[in-house]
Amino acid sequence: MMFIAAMAFSACDDDDKNDNIKVPDAVSKALKDKYPAAMDVEWERKGDYFVADCWMDGREMDVWYDVQATWKLTETDILWEGLPPTVQTAFEGGEYAQWKREDIDMLEYPVQPVQYVIEVENGNEEYQLFYAGDGNLLQKRDVSGNKDDTHWPIDELKTGR
């Protein structure tokens, strides 16, 4: 019984995925302030960002912060049923409806509207389809083969948004 309790409490620690990563206290605090219920937090570095891989409300999330501890992106794994009906309808009426759905993510940004990403594959081809909440297909990205399929934060200055 004590072993199970010890495992449960240790699962809530902010352990680094890589022991060489030093997460600034301000970044850890920013995560706890934004998502106080986040559990099983593991940190990694992606480019200039600190990314917290964690769980909240039974869903896996990647929460991105810059080195100044500014929140940039939250990527949450969701189920088909978690998509707005407008996105489901748009996908089902689109050219990729017959492709195999691999993964579905909800992307939340500080300023931009929420986006929904449906990753689909057909043989060796793989695409990420980015939808607005109203079902509008914003973009499609080819991530076939070894292409990077990471959802990176949007740089507001570059996109003009």
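Which whole-Hz couplings ³J(HN,Hα) result when phi for each residue of segment 91-103 is put into the Karplus expression 6.51 cos²θ - 1.76 cosθ + 1.60, θ = phi - 60°, listed in order with x for Gly and Pro?
Once rounded to whole Hz, the list reads 4, 5, x, x, 5, 9, 4, 8, 6, 6, 7, 9, 7.
For segment 78-161, what does the relative contact order come out to in percent, with C-alpha contacts under 8 Å and a separation of six or more?
With pairs under 8 Å counted, the relative contact order is 23 percent.
Which one of Gln112, Trp152, Gln88 has its Cα pushed farthest toward the positive end of the charge dipole of segment 67-161, where Lys and Arg give +1 and Asp and Glu give -1 at the Cβ?
Value: Gln112.
If one computes the Cα centroid of segment 27-58 and of segment 76-122, what distance in Å separates the two points?
Centre-to-centre (Cα) distance: 23 Å.
With each label point set 7 Å from Cα along the Cα-Cβ vector, what nm distance links Asn124 and Gln98?
The answer from the label model is 2.1 nm.
Mean shadow of segment 107-159, computed from the convex hull of its alpha carbons, in nm²?
So the mean shadow area of the Cα hull is 4.0 nm².
For segment 70-75, just list the computed ³J(HN,Hα) in residue order, Karplus coefficients 6.51, -1.76 and 1.60, θ = phi - 60°, integers in Hz, with x standing in for Gly and Pro.
8, 5, 10, 6, 10, 10
With each pseudo-label sitting 7 Å past Cα toward Cβ, what's the Ile21-Glu108 distance in nm, one decimal?
Distance between label points: 2.0 nm.
Each reported figure results from applying straightforward, stated rules to the coordinates on display, with no laboratory input. Predicted model, so just to flag it, every value in this text is computed and none were measured. Methodologically, a virtual Cβ is constructed for each residue, glycine included, from the backbone with ideal geometry; neighbour enumeration extends over all protein chains shown.
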